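Chemist: Mind having a look at this structure? Questions to follow.
The values are calculated or read from the model by the stated rules, or taken from the named source; none is laboratory data. Here the structure is a predicted model, which is why all the values come from computation and not from measurement. Reconstructed Cβ throughout: ideal geometry from the backbone, glycine too, with neighbour counts over all protein chains shown. Note: accessible area is taken over every heavy atom of the protein model, side chains too, but ligands, DNA and RNA are not part of it. Shrake-Rupley method; radii C 1.70, N 1.55, O 1.52, S 1.80 Å.
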Amino acid sequence: MKKISLLGATGSIGIQTVDILLNNPESFQLVALSSGKNIEKTREIISQLNPELVSVQDEQDAVELAKEFPQIHFTFGAKGLVEVATHPDSTVLVNAVLGSVGLESTLAAIRMSKTIAIANKETLVTAGHLVMAEAKKYNAPILPVDSEHSALFQSMNGENPKQIERLILTASGGSFRDKTREELKNVTVKDALNHPNWSMGAKITIDSATMMNKGLEVIEANVLFDMPFDRIDVLLHKESIIHSLVEYHDTSVIAQLGTPDMRVPIQYALSYPDRLPLVEGTRLDLAKIGQLNFREVDFDRFRALKLAYDAGRAGGTMLTAMNAANEAAVGLFLQEKITFLQIEEIIEQIMNNHHNILAPDLETILHVDTETRKSVESMVK
């Protein structure tokens, strides 16, 4: 029985994690969770899994929920995220929150030597050097939950990492993969949220449409697997059947395949090194699919992906600035305050004006994150 702390229980990854926990009560127990403002969904999860500790975003919601569930301890805010992550009974932290808010709580859990199942890209992108150094120091395993990084992880099992030639991340291309840049000028929020393959939250779906999501994953792959950026490639693969590939020195390529279902990598991270049956999972039928398609990425077309590579190679606080600018710009697009193509323009402008600091500490990272968001907001006032 693994005891689980879950950050971001009411988001897309969180809800699918809850589904896995409900289907495997003999293997997992949820002892602590955090959620944001979706209090109805929080109530539902509390009723289903009866955790010992719950953190919500606002204090008033915590007060109201405490009246309804007197047997449960409630907390709130940034302090609450850390309390959930460091719950003394949990051995596994699932970080499924959006954005860089998961950083401090993840570091706190690492310092307790917990296993970290990480679905929060921004934690590794903005502070990967700190996270991996602390994980090594405290012997805390970092297990990827992203489908691409889980695929890489599975394709490396039993292999010598020194014999890896390159990592190949596949990308669906998002909701606008077949549109030219000219055709992107007038796309709407509704258009952008219509992902052809995956069911994800709004922010990640927009990132998929710009391909910044894949850029963040390239940076994650660099952090998780200590692979230089020149040996991490991206391949467009619209079916999302091959989730990623690893090429070795002898030209062998090992890939992980499956139908698009985020529960697979989530459950693998929770059950590792074992595999559990996936309840109501759809098995892959290659004969029915017939063919798989691949093409190279055009960096002029997918400019956000190039910006992510540029930030990754620069390192330091450039990563924080790039990530914060993207988060803020995507938020403005979802509010219909800027156009789709302005997301990239804002990120590029922030990066061009940023004074990079190499090997930043946590305080510096948080400061750059805050100031970058302010700068983006000031651009549209």
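Chemist: Working only within region 167-213, note down all residues that are within 30 Å of Ser252 (Cβ to Cβ), among the β-branched types (Val, Ile, Thr) and modelled with pLDDT under 90.
Modeler: Scanning region 167-213 gives no hits.
Chemist: List the helices (runs of 4 or more DSSP H) inside region 154-256, counting only whole elements, that have at least 3 residues being among the aliphatic types (A, V, I, L, M), touching a helix residue (DSSP H, G or I) at 6+ places or on another chain (Cβ under 8 Å) and crowded, with 16+ Cβ neighbours inside 10 Å.
Modeler: Where helices (runs of 4 or more DSSP H) fall fully within region 154-256 and carry at least 3 residues being among the aliphatic types (A, V, I, L, M), touching a helix residue (DSSP H, G or I) at 6+ places or on another chain (Cβ under 8 Å) and crowded, with 16+ Cβ neighbours inside 10 Å, they are 202-210, 212-225.
Chemist: Cβ-Cβ under 8 Å, sequence separation 6+ or interchain: first residue in region 108-132 and open to solvent by 30 Å² or more (accessible area, probe 1.4 Å), partner among the aromatic types (Phe, Trp, Tyr) and part of a helix (DSSP H, G or I). Which pairs?
Modeler: Close Cβ pairs satisfying both conditions: Arg111/Tyr138; Met112/Tyr138; Ser113/Tyr138.
Chemist: Now for a separate question. Considering only residues that are of a type outside the set (A, V, I, L, M, F, W, C) and open to solvent by less than 100 Å² (accessible area, probe 1.4 Å), look in region 55-72 and name the one that is farthest from Leu103 (Cα to Cα).
Modeler: First pass over region 55-72, keeping only residues of a type outside the set (A, V, I, L, M, F, W, C): 55, 57-61, 64, 67-68, 70-71.
Among the residues that remain, those that are also open to solvent by less than 100 Å² (accessible area, probe 1.4 Å) are: 55, 57-58, 61, 64, 68.
Working: Ser55: 16, Gln57: 16, Asp58: 19, Asp61: 23, Glu64: 28, Glu68: 30 Å.
Of everything passing the filter in region 55-72, Glu68 is farthest from Leu103 (Cα to Cα).
Chemist: Continuing with this model, one more query. Could you say whether any residue in region 27-42 is assigned to a helix (DSSP H, G or I), closer than 27 Å to Leu130 by Cα and open to solvent by 20 Å² or more (accessible area, probe 1.4 Å)? Talk me through it step by step, then tell me what you get.
Modeler: Applying the first criterion (assigned to a helix (DSSP H, G or I)) to region 27-42 yields 39-42.
With closer than 27 Å to Leu130 by Cα added as a condition, the list becomes none.
No, the conditions are met nowhere in region 27-42.
Chemist: Identify, please: which residue in region 97-130 is at pLDDT below 95 and not in a helix (DSSP H, G or I) and is, among those, nearest to Ser34 (Cα to Cα)?
Modeler: Val97
Chemist: Glu26: of a type outside the set (Val, Ile, Thr) and more than 22 Å from Leu278 (Cβ to Cβ), yes or no? Working first, answer last.
Modeler: Working: of a type outside the set (Val, Ile, Thr): yes; more than 22 Å from Leu278 (Cβ to Cβ): no.
No.
Chemist: Across region 347-375, what is the total count of residues that are closer than 16 Å to Ser100 by Cα and either assigned to a helix (DSSP H, G or I) or of a type in the set (S, T, N, Q) (or both)?
Modeler: Final tally of qualifying residues: 13.
Chemist: Oh, and also: Among the residues of region 142-153, which ones are outside any helix (DSSP H, G or I) and at pLDDT 95 or above?
Modeler: Start the filter on region 142-153 by keeping residues that are outside any helix (DSSP H, G or I), which leaves 142-146.
Ile142, Leu143, Pro144, Val145, listed by residue number.
Chemist: Also: Which one is farthest from Met318 (Cα to Cα) among residues in region 336-381 that are of a type in the set (Asp, Glu) and surrounded by fewer than 17 Cβ atoms within 10 Å (Cβ to Cβ)? So that I can check it myself, show each step before the final result.
Modeler: Taking region 336-381 as the starting set, the residues that turn out to be of a type in the set (Asp, Glu) are 336, 344-345, 348, 361, 363, 369, 371, 377.
Narrowing further to those that are surrounded by fewer than 17 Cβ atoms within 10 Å (Cβ to Cβ): 336, 345, 361, 363, 371, 377.
Working: Glu336: 27, Glu345: 16, Asp361: 13, Glu363: 15, Glu371: 13, Glu377: 18 Å.
Going through the qualifying residues, I end up with Glu336.
Chemist: Taking only pairs six or more apart or across chains, which ones have beta-carbon atoms under 8 Å, a first residue in region 1-23 that is over 22 Å from Asp274 (Cβ atoms) and hydroxyl-bearing (Ser, Thr, Tyr), and a second residue that is part of a helix (DSSP H, G or I) and at pLDDT 95 or above?
Modeler: Thr10/Lys41; Thr10/Thr42; Thr10/Ile45
Chemist: Which of the residues spanning region 70-96 are among the β-branched types (Val, Ile, Thr), touching a residue at least 40 places away in the same chain (Cβ under 8 Å) and not in a loop (DSSP other than H, G, I, E, B)?
Modeler: Result: Val84, Val92, Val94.
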